[in-house]
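Participant: The structure follows.
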Amino acid sequence: MKILLHTPHAEDAPAWVASLQSAQPSAHVRLWSPGDTADADYAVLWRPPAELFARRGKLRAMFVLGAGVDALLALERREPGTLPAGVPLVRLEDAGMAEQMAQYAIHAALRYLRRFDEYDLVRREHGGDAPWRTLEPHPRESFHIGVLGLGMLGAHVAKSLASLGFSVRGYSRGMKTIEGVDTFAGASQLPAFLDGLKLVVNLLPSTPDTDGILNRDLFARLAHGAYLVNLARGAHLVEADLIDALDAGRLAAATLDVFAQEPLPPEHPFWRMPRVTITPHISALTLRDPAARQIARKIEALERGEAIGGIVDIRRGY
Ligand code: NAP
Ligand code: GLV
């Protein structure tokens, strides 16, 4: 069996080949390079160029080395017909990402609840002359947290926050039941979900329905001085609306892991906004060995003619 690989970063390529090879010893794993149109049974991909799909024999499935498939679907929208028709596109399901997301979201929630962000600001502004002053912590009972998206990652994040005693709401397309979480579904329930939230964690996929959802209308429904934590995609956020909301005090602070343009350009205003915390798209990294093992188990299942999870609904966009 032949597996064609296109990796996130050229420097990681040998480690990815080794990991996939060890998860599937009988397979022949080869790294794609321009001009390679030779046969392959499966493709394992992150941000491939359109050329990878040209003049290629039929693949049995394409595996994406991440949870989000927006970049690949955007390629298909820009250059229709790039993705081979009828070939299942499979995303990673958790593979160690849910726990990382929960750690990130819990860190942000506790930091804002206990106002550690504000102690940092005071220290940065005054150094050793910083006033030795107690800030009243936010009452946990009214520190309502909303998680947008209750999939593989959002559901785990919502459960983890609820287990710490936070009041947690969750929002998805179809109705979900999650112990300890108040759930809401569909656009008609979005206002009730948002009403008075003190912190919003975004874990939606980027699709034509969700892009731009983090905007001034959404911010206006939150508690005054609410916090935003965007862990999904930069396309979800209307950056100018966030800047206005922070300037007006409508939002108190934001933690952003993802951006419309990555790396975030040096001249971007977010770099100069002390109330914006920036991380470089690291909230949930793809872990090589768990990812390779998950893909290998799915390939084996497909070879046996069994159904697998994680097949993307291209029409829906996730
Ligand atoms: P997932 O399992 O596909 O879950 C997506 C969730 O969003 C589902 O609950 C879905 O509702 C909901 N949803 C989709 N469209 C919606 C809409 N129009 N209205 C309301 N809810 C909607 O995805 P996942 O594995 O949790 O990953 C989520 C996203 O996280 C990825 O797409 C990716 O962009 C991002 N991500 C970021 C990083 C990072 O390091 N920053 C790492 C991994 C992933 P239903 O359940 O009803 O379908
Ligand atoms: C990373 O952003 C992913 O979608 O896995």
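Participant: Got a number for residues in the range 235-280 being part of a helix (DSSP H, G or I) and β-branched (Val, Ile, Thr)?
Facilitator: Selection size over the range 235-280: 1.
Participant: Can you tell me which of 216, 233, 173 is more than 25 Å from residue 100 (Cβ to Cβ) and open to solvent by 40 Å² or more (accessible area, probe 1.4 Å)?
Facilitator: Sole residue among the options that is more than 25 Å from residue 100 (Cβ to Cβ) and open to solvent by 40 Å² or more (accessible area, probe 1.4 Å): 216.
Participant: While we're looking at this one, here's another question. When both residues are 6+ apart or on different chains and their Cβ atoms are under 7 Å apart, which pairs have a first residue that lies in the range 247-273 and is assigned by TED's automatic domain parsing to the domain that holds residue 216, and a second that is polar (S, T, N, Q) and in a loop (DSSP other than H, G, I, E, B)?
Facilitator: So the pair list comes out as 257/279; 257/283.
Participant: Of the conditions (1) part of a loop (DSSP other than H, G, I, E, B); (2) closer than 19 Å to residue 144 by Cα, residue 206 fails just one. Which one is it?
Facilitator: All conditions pass for residue 206, except number (2).
Participant: Going by the structure shown, is residue 60 open to solvent by 30 Å² or more (accessible area, probe 1.4 Å) and in contact with a helix residue (DSSP H, G or I) (Cβ under 8 Å, 6 or more places away or on another chain)?
Facilitator: So residue 60 fits the description; yes.
Participant: Looking at residue 101 and the list (1) without any contact (Cβ under 8 Å) to a residue 24 or more places away in the chain; (2) aliphatic (A, V, I, L, M); (3) in the same structural domain as residue 160 (by TED's automatic domain parsing), which single condition is not satisfied?
Facilitator: Condition (1) is where residue 101 drops out.
Participant: Could you tell me how many of the residues in the range 212-236 are away from ligand 2 (no atom under 15 Å from the Cβ), farther than 19 Å from residue 248 by Cβ and not hydrophobic (A, V, I, L, M, F, W, C)?
Facilitator: 1
Participant: Failed condition for residue 253, given (1) touching a strand residue (DSSP E or B) at 6+ places or on another chain (Cβ under 9 Å); (2) within 16 Å of ligand 2 (Cβ to nearest atom), with all others met?
Facilitator: (2)
Quick grid of which residues meet (1) modelled with pLDDT under 95; (2) open to solvent by less than 20 Å² (accessible area, probe 1.4 Å); (3) within 16 Å of ligand 1 (Cβ to nearest atom); (4) β-branched (Val, Ile, Thr):
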site: 40; (1), (2), (3), (4): no, yes, no, no
site: 55; (1), (2), (3), (4): yes, no, no, no
site: 64; (1), (2), (3), (4): no, yes, yes, yes
site: 96; (1), (2), (3), (4): no, no, yes, no
site: 99; (1), (2), (3), (4): no, no, yes, no
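The values are calculated or read from the model by the stated rules, or taken from the named source; none is laboratory data. Computed from a prediction, not measured in an experiment: that's the story for all the values here. Don't worry about glycine lacking a Cβ; one is built from the backbone with ideal geometry, like all the others, and counts go over all protein chains shown. All accessible areas refer to the heavy atoms of the entire protein, side chains included, with ligands and DNA or RNA removed. Shrake-Rupley method; radii C 1.70, N 1.55, O 1.52, S 1.80 Å.
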